[in-house]
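Colleague: Before I ask anything, here is the structure I am working with.
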Amino acid sequence: MQSPFYFIVKPLKGRRYDNIKNIGDVDFITSVSKEDHKTSNRYAKVVSTPLNYKGEIKKGDILLVHHNVFKFYYDMKGREKSGKSYFKDDLFFIDYDQFFMYQKNNSWYCHDKYCFVKPIPKKEYYIEGVNVNEEPLHGIIKYSNNQLESLGIFAGDKVCFTPNSEYEFSVDNEKLYRMFTDNITVKI
């Protein structure tokens, strides 16, 4: 089964939400809200690629997807519904703008115009009232893309980025910000 335009995926671990944390031998539910985007599963396993797709992604690869892909929502009458990506059973359609990275052989690669930046811990401030955990608008490129690399910006480079461009993800238990190529403003 292949779609002419979409990747067909299923949620990793067979769950739409990633709201269970195992501590010791006990599973704890961290959130029961289906509206909480932070608990939606962001990992998808590729079941099939689009017809005539010639890219790097293959069946069995893992995609890092948008938080709305697997989420339930409630319609105007309060009925639970699946989002527009839902196909049937445990299968979902993903278009090119709904995923940001793919994993092959345990290595992550950015897709298209997306990159991931690791925040930098805050410096010591002498101005009263500055209460931040991270250096504002600064980070280190963790996963670059072809566009940035053609501009000479690679993984490990320290950069500045535009305000309000920090879209937070946890990738391999590390806090990262997903950004677009044009959110990167300066290489330091």
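The values are calculated or read from the model by the stated rules, or taken from the named source; none is laboratory data. Because the structure is a prediction, the values reported are computed rather than measured. For neighbour counting, all protein chains shown are included, and Cβ atoms are generated from backbone atoms with ideal geometry for every residue, glycine included. Remember, those area values only see protein heavy atoms, side chains included, never the ligands or the DNA or RNA. Shrake-Rupley method; radii C 1.70, N 1.55, O 1.52, S 1.80 Å.
Colleague: Would you mind finding the one in LYS77, LYS123, LYS59, LYS54 that is more than 22 Å from ASP18 (Cα to Cα) and at pLDDT 95 or above?
Modeller: Among LYS77, LYS123, LYS59, LYS54, only LYS59 is more than 22 Å from ASP18 (Cα to Cα) and at pLDDT 95 or above.
Okay, residues lined up against (1) free of Cβ contacts under 8 Å to residues at least 24 places away in the same chain; (2) open to solvent by less than 50 Å² (accessible area, probe 1.4 Å); (3) of a type outside the set (Asp, Glu):
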| site | (1), (2), (3) |
| --- | --- |
| LYS104 | no, yes, yes |
| ASP112 | no, no, no |
| ILE120 | no, yes, yes |
| GLY139 | no, yes, yes |
| ALA155 | yes, no, yes |
| ASN164 | yes, no, yes |
| VAL171 | no, yes, yes |
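Colleague: Would you mind finding the one in LYS21, LYS13, LYS38, LYS88 that is modelled with pLDDT of 90 or more and open to solvent by 80 Å² or more (accessible area, probe 1.4 Å)?
Modeller: Exactly one of LYS21, LYS13, LYS38, LYS88 is modelled with pLDDT of 90 or more and open to solvent by 80 Å² or more (accessible area, probe 1.4 Å), namely LYS88.
Colleague: Hey, can you tell me all the residues within segment 47-72 that are exposed (fewer than 13 other Cβ atoms within 10 Å of the Cβ) and either under 25 Å from TRP108 (Cβ atoms) or of a type in the set (Phe, Trp, Tyr) (or both)?
Modeller: Matches in segment 47-72: LYS54, GLY55, GLU56, LYS58, LYS59, GLY60.
Colleague: Further, regarding this structure: Give segment 91-102 a look and list any residue that's hydroxyl-bearing (Ser, Thr, Tyr) and exposed (fewer than 15 other Cβ atoms within 10 Å of the Cβ), or say none.
Modeller: Of everything in segment 91-102, just one residue is hydroxyl-bearing (Ser, Thr, Tyr) and exposed (fewer than 15 other Cβ atoms within 10 Å of the Cβ), namely TYR96.
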